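A short worksheet on the structure shown next.
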Amino acid sequence: MTFTLYGMEPSDLIITEDMFQDQTKFINLCENNEGFNKMITTLQRDGYVVWFKTVRTVELPVRQKNVGNPAIDLIVYNIFVGNLMVGEAYMVSGPHQSFAFSVVKNLNNTISYYFVENNETQRLIFDKNGNLYNATINLDFDRNDDISTKQLSCETICTGLCSGGLAGSIPRCITGCLVTGPVGTPFCTVLCTLLVTFGCAYGCDALCQLI
């Protein structure tokens, strides 16, 4: 399936990674973020080891002259079981908001999403077919169809994603995406990460006007 976000493709994003920049401020940013620390503590309790990897600056190219590109810092940590890397933890730092989530591939071919909601670390597990296998929170998408990815309005989708809280939006969006159409987990992860990252960090009205 070809992924597009209102006419944009993942390859349109401008991603830069400067391995020589001072990473200390980004590590400190994560260490001082309550939600990120809660998530990492849960990962460690579940037997994972987490190490800082890199910082990527992600820009969303806009289609207006003399307008700077919206950009966020994506702080990436590797997640290990023993010497095996099984996933990544992300701290998304925007100009207005920051949030964290993790994606872990389990040995039984399920995928776990960790995030913080209701001041507690939550975990969603999808099986290899993209079905919701287990969850620590109740996800009622019959009554929360405002986060359905089938809706056509940019503002409606973006507002629906952000209304439930930044940290929980990506996993909830992924689940909503999987239950509303014949699309796979990788597609839904990319779609929801972009929408939540740029929509919630910059404001839905501003984002939708730019793209």
| field | Cα-projected label distance for D205 with F52, points at 7 Å along beta-carbon direction, nm | value | 3.8
| At a 1.4 Å probe radius, carbon and sulfur cover how many percent of the accessible area of region 21-89? | 49
| Accessible surface, region 64-120, averaged per residue in Å² (probe 1.4 Å) | 49
| query | Going by the alpha-carbon gyration tensor, a ≥ b ≥ c the square roots of its eigenvalues, is region 74-136 rounded (a/c under 1.5) or, if a/c is not under 1.5, prolate (a/b greater than b/c) versus oblate? | reply | oblate
| query | When Lys and Arg each count +1 and Asp and Glu each count -1, what net charge do the other residues less than 11 Å away from T54, Cβ to Cβ, add up to? | reply | -2
| remark: Summing +1 per Lys or Arg and -1 per Asp or Glu among the other residues with Cβ less than 13 Å from N119's Cβ gives -2
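The values are calculated or read from the model by the stated rules, or taken from the named source; none is laboratory data. Please read these numbers as outputs of a predicted model, since none were measured by experiment. Because the Cβ atoms are built from the backbone with ideal geometry, glycine has one as well, and the counts that use them run over all protein chains shown. Protein only, heavy atoms only, side chains kept; ligands, DNA and RNA dropped before computing areas. Shrake-Rupley method; radii C 1.70, N 1.55, O 1.52, S 1.80 Å.
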